[in-house]
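J.: Below are the structure tokens for one structure; questions will follow.
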Amino acid sequence: MFMFGKRSKEKMVGVHVDLIRVMKRALELSPVDFSITEGLRTAERQKELVAAGASKTMNSRHITGHAMDVGAFVGSELRWDFGLYLQIAEAVRIASIELNIPIVWGACWSQVGQTSDLSASVARYVEQKRRDGGKPLIDGPHFELWKGLYA
């Protein structure tokens, strides 16, 4: 079983307790080790990320403590392979259901607890965005509390 280290715990400071509960449970369930790379952000930090092209909006849920980003580890190596994040998202999906806390995943921008097939949810999101003439934003490391319940 994996456990969050000191740095991840520091990144959780100021994040809504329900999101912390889900992510802790997800780490217990996940076949992939992961850490918290971003939690609560200041508006200044968000401006920096937008200016650098690392974020698209100043309305980030990170600013209110309603979002976290994760980083997947294989051994001691931080990895960005999408398949690893799909496995983490599945653990988050199960934790979300168990704890009755609705979580939105940044790879499909829908509630993970409302699907049994996350890959299909990502494909539907991409198809819908393209059909609407937009460009999909696939943010696999990003998880947030659903706005409908957590404003």
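The values are calculated or read from the model by the stated rules, or taken from the named source; none is laboratory data. Because the structure is predicted, anything quoted here is derived from the model rather than measured. Cβ coordinates were reconstructed from backbone atoms using ideal geometry, including for glycine residues, and neighbour counts include every protein chain displayed. SASA here: full protein model, heavy atoms, side chains in, ligands and nucleic acids out. Shrake-Rupley method; radii C 1.70, N 1.55, O 1.52, S 1.80 Å.
J.: Please work out which one of (1) in contact (Cβ under 8 Å) with a residue 60 or more places away in the chain; (2) over 21 Å from ARG21 (Cβ atoms) is the condition ARG79 fails and give its number.
T.: (1)
J.: What residue, of GLU144, GLU90, GLU77, is more than 16 Å from the chain's Cα centre (by Cα) and at pLDDT 95 or above?
T.: Selected residue: GLU77, the only one of GLU144, GLU90, GLU77 that is more than 16 Å from the chain's Cα centre (by Cα) and at pLDDT 95 or above.
J.: For a quick check of your reading of the model, give me the residue pairs whose first member lies in region 88-102 and is within 17 Å of PHE73 (Cβ to Cβ), whose second is assigned to a loop (DSSP other than H, G, I, E, B), with beta-carbon atoms closer than 7 Å and at least 6 apart or on different chains.
T.: ILE88/SER30; ILE88/VAL32; ALA89/ALA107; ALA91/SER30
J.: Counting just the residues of region 79-137 that are open to solvent by 30 Å² or more (accessible area, probe 1.4 Å) and among the aromatic types (Phe, Trp, Tyr), which one comes out nearest to ALA67 (Cα to Cα)?
T.: Of everything passing the filter in region 79-137, TRP109 is nearest to ALA67 (Cα to Cα).
J.: For region 41-66, what are the residues that are touching a Ser or Thr at 6+ places or on another chain (Cβ under 8 Å) and either free of Cβ contacts under 8 Å to residues at least 12 places away in the same chain or open to solvent by 50 Å² or more (accessible area, probe 1.4 Å) (or both)?
T.: Residues satisfying the conditions are LEU49, VAL50, ILE63.
J.: Related question: Among the residues of region 139-151, count how many are surrounded by fewer than 16 Cβ atoms within 10 Å (Cβ to Cβ) and hydrophobic (A, V, I, L, M, F, W, C).
T.: Adding up the residues that qualify gives 2.
J.: Is it true that some residue in region 20-31 is assigned to a helix (DSSP H, G or I), modelled with pLDDT of 95 or more and either over 16 Å from VAL92 (Cα atoms) or among the aromatic types (Phe, Trp, Tyr) (or both)?
T.: No, there is no match, as no residue in region 20-31 is assigned to a helix (DSSP H, G or I), modelled with pLDDT of 95 or more and either over 16 Å from VAL92 (Cα atoms) or among the aromatic types (Phe, Trp, Tyr) (or both).
J.: So, one more: Quick check, is ARG93 basic (Lys, Arg), outside any loop (DSSP other than H, G, I, E, B) and more than 18 Å from ALA26 (Cβ to Cβ)?
T.: So ARG93 does not fit the description; no.
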